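Heads up: the structure comes next, in structure tokens.
Since every read-out is calculated from the coordinates, none of them should be taken as a lab result. Just so we're clear, the structure is a prediction, and the values are computed from it rather than from any experiment. Every residue, glycine among them, receives a Cβ derived from its backbone with ideal geometry; neighbour counts consider all protein chains shown.
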Amino acid sequence: MIGIIGTGNMGSALINGAVKSFGEDKVVFFDTSEERRKMISNEYGITACKDNVELVKWCDIVVLAVKPQVIFKVIEEIRPYFGKENKTVISIAPGITIAKLSEAFDNNAQIVRVMPNTPAMVGEGMSAVSFPDDFNGDRENTLKLFDSVGRAVVLPENLMNAAVVANGSSPAFVFVFMEALADGAVKFGIPRDKAYEMVAQTVLGSARLMLETKKHPGELKDAVCSPGGTTICGTAALEEFGLRNAVIKGCEAVYEKTAKFE
């Protein structure tokens with residue numbers, strides 16, 4: 001049984017994926033909001049636990065889909081109900097290490113650290129998953145859960161802060177780029193709603209082209225940039241005004257902020 005604590009954007013996305021992959025009878029959840037409990041139960045046909053303790057007693061996999069500032073409060077509540085069962089606990093809180101989480105559980109839980117992202121809300125998420133070397137929990141179903149909302153890759157924990165750069169925060173960067181690109185189209189007369197649709201589909205198609213062909217992004221860029229053509233002129237202008245440097249600086253800022261949580 002999989003139990004999900006918290007039904008924000010990521011919690012709800014994981015509930016949706018879990019129901020599709022494991023079935024309604026294999027998923028339960030808890031949220032402090034009674035209104036949210038009723039809504040999620042009605043939408044997905046799953047059981048809302050009366051509290052976090054009941055959820056832990058029922059489940060072999062417990063997902064802590066709560067914000068970093070409350071995660072240790074939740075752990076304090078449920079810690080007494082972990083023992084020799086080797087329950088798997090999945091944390092999606094950025095910057096909180098497996099060692100800290102394990103210590104908070106008195107080393108009585110099998111901890112997995114995951115960095116998902118918001119495209120999981122539409123089944124196109126990218127999740128970085130880190131298992132400790134001595135992990136003895138449910139690896140298979142942990143990966144199945146995050147594959148149910150997109151794709152999952154396994155990384156060593158020392159790269160999890162970098163994962164916040166690669167997939168955790170980066171959707172915001174992509175949306176900023178998409179908004180700017182749409183502004184550029186609007187500047188030359190395309191209606192805004194059409195510009196957003198065109199840009200969004202272009203970004204989606206470009207990402208899919210890269211994933212399915214497995215070609216280097218530089219090679220795919222070169223295929224669009226004809227010698228002396230319009231695209232290479234635009235690409236040169238992006239280089240002149242520092243697009244790459246701005247993106248890298250944004251990544252550095254994310255990494256430095258994330259490291260402060262440890």
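Points to keep in mind about this one:
- Close amide H contacts of residue 111 (hydrogens built in the peptide plane, cut-off under 5 Å, sequence separation of 5 or more or a different chain): 89.
- 3J(HN,Hα) along region 115-123: 10, x, 9, 5, x, 4, 5, 10, x Hz, from the Karplus curve 6.51 cos²θ - 1.76 cosθ + 1.60 with θ = phi - 60°, whole Hz, x for Gly and Pro.
- Helix axis angle, 243-259 relative to the chain longest principal axis, alpha carbon, degrees: 20 degrees
- Within the chain, antiparallel bridges make up roughly 10 percent of the DSSP beta bridges whose residues both belong there.
- Centre-to-centre, using Cα atoms only, region 91-105 and region 180-204 are separated by 41 Å.
- Ranked by how many other Cβ atoms sit within 10 Å of their own Cβ, fewest first, the residues 19, 28, 122 fall in the order 122, 19, 28.
- Each other residue within a Cβ distance under 12 Å of residue 128 adds +1 if Lys or Arg and -1 if Asp or Glu, for a net charge of +1.
- The HN-Hα couplings worked out from phi for region 220-234 by the Karplus form 6.51 cos²θ - 1.76 cosθ + 1.60 (θ = phi - 60°) are 5, 5, 4, 5, 8, 8, 5, x, x, x, 5, 5, 5, 5, x Hz, whole numbers, x standing for Gly and Pro.
- Anisotropy class of the chain from Cα gyration tensor, a/c 1.5 cut: prolate
- Using alpha-carbon coordinates, inclination of helix 170-187 to the longest axis of the chain, degrees: 30 degrees
- Pairs over the 18 Å Cα-Cα cut-off, from the set 194/215; 20/214; 100/260; 144/215; 26/57; 57/144: 194/215; 20/214; 144/215; 57/144.
- Shown in residue order for region 20-32 are the 3J(HN,Hα) couplings computed by the Karplus curve 6.51 cos²θ - 1.76 cosθ + 1.60 at θ = phi - 60°: 5, 8, 10, x, 4, 7, 10, 10, 10, 7, 9, 9, 5 Hz (x for Gly and Pro).
- Principal-axis analysis of the Cα atoms of the chain puts helix 68-78 at an angle of about 20° to the longest axis.
- Net +/- balance of residues flanking residue 116 in space, Cβ distance below 15 Å, scoring K and R +1, D and E -1: +2
- Taking every DSSP beta bridge that has both ends in region 18-171, the antiparallel portion is near 15%.
- Computed over the alpha-carbon atoms, region 170-259 gives an Rg to Rh ratio of 0.99, Rh here being the Kirkwood radius from the mean inverse distance.
- Sorted by Cβ neighbour density within 10 Å, fewest at the top, the residues 260, 87, 38, 26: 260, 38, 26, 87
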